[in-house]
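Take a look at the structure below.
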Amino acid sequence: MSECVIPTLTSNEVVESKSVLPEGWKADLSNLKAVDLTLPTLELLRRSTSRLPQDVIDALVKGRDAEEAGSRAFNTLNDMVRNILLADGHVTPLCQDTGTLVFWVRHPFGLSQRTAKQQVRAAVAEATKRSWLRPNCVEALSGKNPGNNMDPFHEGHPIVHFEEWERPEIEIAIMQKGGGCENVGAQYRLPDAAIGAGRDLKGVRKCIIDAVVKAQGQGCSPGILGVAIGGDRVTSYEKSKEVILRKLGTPNPVPAMDAFEKEMTRDLNTLGVGPMGYGGNTTVLGVLVEEMYRHPASFFVSISYMCWSSRRRVMTIGTRGTVSFD
Amino acid sequence: MIRLTTPITEAQVRQLKVGDEVLLNGRIVLSRDMGHKYMKEQKPEWLKPILENMVIYHCGPVVKKHEDGHWSFVAAGPTTSIREEPYQAEVIETYKVRGVIGKGGMGKKTSEGLQKTGAVYLHATGGAGSLLAERVKRVVDVKMLEEFGSPEAFWIVEVEDFPLVVTMDSHGGSLHEIVLAESQARAKVLMA
């Protein structure tokens, strides 16, 4: 299986032709009470579960081509690319673990969050029925699976973050966060004597290296690391996830952080963990860092590990009511 | 490339070494967290003929039920195996399992179980859900679907040329241990 796969996804025309949205679908943003987000959210899920973002594909291909042709690392990355093309072509989930669904909804004043949440939930239930999502939400202790991805208490799943903004558009971002990679995330409280990490950037560096070595291949490497420095335990972890929405290859707006991200990516790829922990030069696809404020007594470094199948999409309903996906 | 068809004999398994690439054919049985806890704690007899000389796959698939009632697999890559570490060795011994498919590798206890019973750990590419589902040719049966839910049920399926790598063999070899030790040594240098 070592033949080099060319990473060409189906064209936008084909994707549009398979859309669940009727041609010419529009929302009337002048009447926010009447806007129904169910169908566009279903389309968002269809795309995120089956079509990997181009920047992630580019990073995987770059990694593959830096491995020795025919090596296990090369073949594994090649199989990943092959899988991406199959899922895209068939409109089936890239991975059977369709993840915890995390939504970020940003909206103008006047949209009912309660109604929007019901619509997002309806879209998730429908996507589950269509086998685009695995029923991935179970009762904690009993493991009982309601089968529809719905936490009946409206808290645990799907996760929907809301933010009102000053802009007229509605934006919904989604992340499908797999369980294997979620399990290898880590939060450090500095100073950390066990790894000799102090309260500075060098300390942060040690946390990141430690987390990646502990993760080995279990988070489905090559991973993408979201790192938050500061915050409290909750906001820190939350931010570490949100930063993974940034496209790979887009520079960090803070020059010092941008340099740090590049240095970390380069150094982590010398660890030799490699794709799926088989060994190789591609251990991470990128490191995304954001600094926050914190309580003087607390210094948290939170790391969210995203698997190579970094499923994320952003949908925007513009002022004219038309939908676009990025 | 080694082609294997289930059921597998102990002699066949003992020949496999870390690094061998395997194409697996025949029947395999899916089981993950709930199934392993259940097998260790309740040791159900009915699973014995299903698992003897067979291969367990750590996987919670996305499935589709067709109008005529038959099932197919839509996405079916491996889940992280280390969660089954407390159960695996005993399950292998009780049921005479010859292979375990998963991702991420397993620990010492499982390695000892592989050596004792004569079994291997086979690694599949994590996240390759579509690619691997294509190699699942038929869903033969499903057990404990009501009780466990679809991701956790015992799905019995037939696979064709299922691509795997031996990363833990029946002689104590483990690719995961080697990569871990080497990356830890490198980390020390990077953290200095």
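Quick note: the coordinates plus some simple rules give every number you see, no bench work behind them. What you see is a predicted model, and the numbers here were worked out from it, not measured in a lab. Cβ: placed from backbone, ideal geometry, glycine included. Neighbour counts: every protein chain shown.
Ignore the peptide's own chain and count Cβ atoms of other chains within 10 Å of each Cβ in B:98-106; give me the average, rounded. Don't skip to the end; give the middle numbers.
Details: counts 0, 0, 0, 0, 0, 7, 12, 6, 0.
That average works out to 3.
The stretch A:168-326: D in µm²/s via Stokes-Einstein (Kirkwood Rh, Cα pairs, 37 °C, 0.692 mPa s)?
The calculation lands on 203 µm²/s.
Per residue of B:70-83, count partner chain C-beta atoms within 10 Å of its C-beta, then hand back the mean as an integer.
5
How much of the DSSP bridge set in the protein assembly as shown is antiparallel, in percent, rounded to the nearest 5?
Working: 50 of 77 bridges.
For the protein assembly as shown, the DSSP antiparallel bridge percentage is about 65.
Please sort B:103-110, B:7-14 by packing, taking for each peptide the average over its residues of neighbouring beta carbons within 10 angstrom, highest first. If you can, show how the numbers build up before the last one.
On the way: B:103-110: 21.8, B:7-14: 14.9.
The peptides rank, most packed first, as B:103-110, B:7-14.
For peptide B:56-68, how many partner chain Cβ atoms fall within 10 Å of a residue's Cβ, on average?
Numbers: counts 0, 0, 0, 2, 6, 4, 14, 4, 3, 1, 0, 0, 0.
Counting Cβ atoms of other protein chains within 10 Å of each residue's Cβ and averaging gives 3.
Distances over 27 Å make up what percent of all Cα-Cα pairs in chain A?
Value for chain A: 47 percent of Cα pairs lie more than 27 Å apart.
Sort by residue number and report every cysteine in the protein assembly as shown with no other cysteine beta carbon within a distance under 4.7 Å.
By the Cβ distance rule, which asks for a partner under 4.7 Å, the isolated cysteines are A:C4, A:C95, A:C137, A:C207, B:C59.
Let's see if you can work this out: charge +1 on each Lys and Arg Cβ, -1 on each Asp and Glu Cβ, no other charges. What is the dipole magnitude of the stretch A:101-258 about its Cα centre, in debye to the nearest 20?
So the dipole magnitude of the stretch A:101-258 works out to roughly 340 debye.
Distance between Cα centroids, the stretch A:197-229 to the stretch B:6-50: provide it in whole Å.
34 Å
Kindly provide the helix-only [θ] at 222 nm of chain B, computed as the sum of -39,500 (n - 2.57) over DSSP H runs of four or more divided by all residues, to the nearest 500 deg cm²/dmol?
Details: 8 runs with 66 residues, N = 192.
Here the helix-only value at 222 nm equals -9500 deg cm²/dmol.
Taking a ≥ b ≥ c as the square roots of the eigenvalues of the Cα gyration tensor of the stretch B:94-178, is the shape rounded (a/c under 1.5), prolate (a/b larger than b/c) or oblate? Show your work: numbers first, answer last.
Details: a/c = 2.07, a/b = 1.49, b/c = 1.39.
Note, shape of the stretch B:94-178 comes out prolate.
Does the stretch A:77-192 classify as rounded, prolate or oblate by the C-alpha gyration tensor (a ≥ b ≥ c root eigenvalues; a/c under 1.5 gives rounded; else a/b over b/c gives prolate, otherwise oblate)?
Numbers: a/c = 1.34, a/b = 1.22, b/c = 1.10.
Verdict is rounded for the stretch A:77-192.
For B:T80, A:T115, what's the fewest-to-most ordering of other Cβ within 10 Å of each Cβ?
A:T115, B:T80
How high is the relative contact order of the stretch A:169-326, in percent, with contacts defined as C-alpha pairs under 8 Å that are six or more residues apart?
Once normalised by length, the contact order is 39 percent.
Please report the base-10 log of the normalised intensity I(q)/I(0) for the stretch A:121-169, using a Debye sum with one equal scatterer per alpha carbon and no solvent, at each q in 0.18, 0.29 (1/Å).
The calculated log intensity ratios at q = 0.18, 0.29 Å⁻¹ are -0.61, -1.09.
Would you mind computing Rg(Cα) / (2.2 N^0.38 Å) for the stretch B:1-123, counting N as its residues?
1.05
Which listed residue (B:A89, B:V189, B:G77) has the Cα farthest towards the positive end of the charge dipole for chain B, taking +1 on Lys and Arg C-beta and -1 on Asp and Glu C-beta about the Cα centre?
Farthest towards the positive pole: B:V189.
Quickly estimate the mean residue ellipticity at 222 nm for chain A, helices only: each DSSP H run with n ≥ 4 gives -39500 (n - 2.57), and the total goes over all residues, rounded to 500.
On the way: 9 runs with 112 residues, N = 326.
It comes out at -11000 deg cm²/dmol, rounded to the nearest 500.
Over the Cα atoms of the stretch B:150-192, what Rg and Dmax result, in angstrom?
Reported Rg and Dmax, both Å: 17.5, 51.
Over chain B, what is the mean sequence separation of C-alpha contacts under 8 Å (at least six apart), divided by residue count, expressed as relative contact order in percent?
Reported relative contact order: 29 percent.
Output the peptides A:254-263, B:172-181 sorted from most to least packed, where packing is the average of other Cβ atoms within 10 Å over each peptide's residues.
Values: A:254-263: 14.5, B:172-181: 18.0.
Top of the packing list down: B:172-181, A:254-263.
State, in angstrom, two size descriptors of the stretch A:138-216 derived from its alpha carbons: Rg to one decimal place and Dmax to the nearest whole number.
Expressed in Å, the Cα Rg and Dmax of the stretch A:138-216 come to 18.5, 49.
Taking square-rooted eigenvalues a ≥ b ≥ c of the alpha carbon gyration tensor, is the stretch B:67-136 rounded, prolate or oblate, where a/c under 1.5 means rounded and, failing that, a/b exceeding b/c means prolate?
Prolate is the answer for the stretch B:67-136, as a/c is 1.5 or above and a/b outweighs b/c.
In whole Å, how far is the Cα centre of the stretch A:1-71 from that of the stretch B:54-124?
Result: 31 Å between the Cα centres.
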